[in-house]
Amino acid sequence: MITSLAANALARNWWMFLVRGLVAILFGVIAFLWPGATFVAIGILFGAYALVDGIFAIIATVRAVGAGQRWWPFLVEGIIGILIAAITFYDIRITLLAIYFTIAAWAFLTGIFEIVAAIQLRKQITNEIWLIIGGIASITFGVLMVWFPLAGFLALIWLIAAYAIVFGLIMIAFAFRLRGHVASGPMTPGPITSGPTTT
């Protein structure tokens, strides 16, 4: 539960939510206008994540060796992470294609398992047709991504952009709500007083 003190502190920092909202909207607009740059940025972030993750795995390897524990899984994980990061920064197109087709494969396989689950559960649940429809939609999405990669690429970026803009608008609305809370003079705890004193 948020106390009045916490609410007041949050309200005094309303501008941080405003900045977050503006940045999110800016990102969404850029994604709509330059989808290629957005996808490249996603690839760079993935490469940076793989590099940091690989470094921490190597550190875990050293600690495991010092503790006499099994160390080689950490070493393999670290080498793979650093190798993927190196490939990403050497030729980011490879990583972008891998990410894209991984999403396509995920959608396709998810659709298959949804249909299988609906068939298996048809005696226990009603309206399983909706799960089947969802599975067909997932399979269709995965196939279209492979069949029309440019359209799938644009659709993916536009979904990300739309989410960023909606999230940004929500953050801005919340920021002004907090600002109004400050302007209206939020309640603050009064001073602690003791009982009547005698002279």
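What is the one condition in (1) among the β-branched types (V, I, T); (2) at pLDDT 85 or above; (3) out of contact with any helix residue (DSSP H, G or I) (no Cβ under 6 Å at 6 or more places or on another chain) that I129 does not satisfy?
Checking I129 against (1) among the β-branched types (V, I, T); (2) at pLDDT 85 or above; (3) out of contact with any helix residue (DSSP H, G or I) (no Cβ under 6 Å at 6 or more places or on another chain), the one that fails is (2).
Just one of (1) modelled with pLDDT under 85; (2) under 20 Å from the mean Cα position of the chain (by Cα) trips up G168, so point out which.
Evaluating G168 over (1) modelled with pLDDT under 85; (2) under 20 Å from the mean Cα position of the chain (by Cα) leaves (1) as the failure.
Could you please find all residues in segment 45-68 being exposed (fewer than 15 other Cβ atoms within 10 Å of the Cβ), at pLDDT 85 or above and of a type in the set (V, I, T)?
The answer is V52, I55, I59, V62.
The values are calculated or read from the model by the stated rules, or taken from the named source; none is laboratory data. Quick caveat: nothing in here was measured; it's all calculated off a predicted structure. Using ideal geometry, Cβ is built from the backbone for each residue, glycine included, and neighbour counts are taken over all protein chains shown.
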